[in-house]
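First up is the structure itself, then whatever we jot down about it.
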Amino acid sequence: MAGKSELMTGKVVVITGGASGIGRATALAFAREGARVVIGDMDIAGAENAVATIRNMDGKADCLRVDVAKSPDVQALVKMTVARYGGLDFAFNNAGLVGSVAGIVETTEEDWNRVLATNLTGVWLCMKYEIPEMLKRGRGAIVNNGSVTGLVGAPGVVGNVASKHGVSGLTKSAALQYATQGIRVNAVAPGLVRTPTADRLTAIPGAEAAMLSAIPQGRWCQPEEVAEAVMFLCSERASHITGHVMPVDGGWTAR
């Protein structure tokens, strides 16, 4: 594969939610730079498609059906990765849900529990099983996928806001705990990213214009732009960065 990076060649990365959107773009970006990619996703058909794309690029990739809210699934993903590639260098804990568009009173307990289980418990479970493997190597880098809704409030998506604020705090806590043990933990906080999920939200008349009005750059972020931020945070170029929640939001949180 042409254009491989010395910083990524031969490295092993786990990416949850890698079947589409930001996760898929990040999986392809790591593969282009020479990393070995393992995708965990509930959408196994989409994950297999991403793996096929990487292999067609002469890259190395595997996938497994994973529900990140279930401990045995996450353990199986990490175990398969180590068995296949001998260890773990990087992780992008990306799987997440927006949840229902509803307020405090209108949100159902079912939706609240589902969003918190995936977005927050899922990230904790991933780190719980990724970190011991990184400790064996004495190094590693983890990037969690947060959101601008983990930095500021937003009405109408309360489960998402609560869970993503939790991801921001969990990221900082983990970064502090492992700062002297060779493991860096950061998060990205994307704003409006052009993904299948966003396409569903903007199907409501007038929704897209209203959403873009919050972005100083006045445009959508592309999944590949988030992928570049993830790769940077995993690389040695970010060797002194840990505990940081990096907005990738076109200026949204600068207001």
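The values are calculated or read from the model by the stated rules, or taken from the named source; none is laboratory data. Predicted model, so just to flag it, every value in this text is computed and none were measured. All Cβ positions, even for glycine, are placed from backbone atoms using ideal geometry, and neighbour counts span all protein chains on display.
Odds and ends about this structure:
- Condition met for Arg194 (among the basic types (Lys, Arg) and in contact (Cβ under 8 Å) with a residue 40 or more places away in the chain): no
- Every residue from the stretch 124-145 that is in contact with a Cys (Cβ under 6 Å, 6 or more places away or on another chain) and part of a loop (DSSP other than H, G, I, E, B): none
Yes/no matrix, rows are residues, columns are (1) of a type in the set (D, E, K, R); (2) touching a residue at least 12 places away in the same chain (Cβ under 8 Å):
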| residue | (1), (2) |
| --- | --- |
| Gln222 | no, yes |
| Glu228 | yes, yes |
| His240 | no, no |
| Val245 | no, yes |
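- Test: residue in the stretch 98-117 that is in contact (Cβ under 8 Å) with a residue 24 or more places away in the chain, within 19 Å of Val38 (Cα to Cα) and assigned to a helix (DSSP H, G or I): no
- For the stretch 137-157, a residue qualifies if it is surrounded by fewer than 19 Cβ atoms within 10 Å (Cβ to Cβ) and under 24 Å from Ala35 (Cα atoms), and the qualifying residues are Arg137, Gly138, Arg139.
- Matching helices (runs of 4 or more DSSP H) fully within the stretch 147-255 where at least 3 residues are touching a Pro at 6+ places or on another chain (Cβ under 9 Å): 223-234
- All conditions in (1) at pLDDT below 95; (2) under 18 Å from Gly18 (Cβ atoms); (3) crowded, with 17+ Cβ neighbours inside 10 Å hold for Pro196, with the sole exception of (3).
- Options Val51, Val78; residue that is touching a strand residue (DSSP E or B) at 6+ places or on another chain (Cβ under 9 Å), β-branched (Val, Ile, Thr) and more than 19 Å from Tyr129 (Cβ to Cβ): Val51
- Scanning the stretch 81-136 for residues that are surrounded by fewer than 16 Cβ atoms within 10 Å (Cβ to Cβ), out of contact with any helix residue (DSSP H, G or I) (no Cβ under 7 Å at 6 or more places or on another chain) and closer than 21 Å to Val230 by Cβ yields one hit, Lys128.
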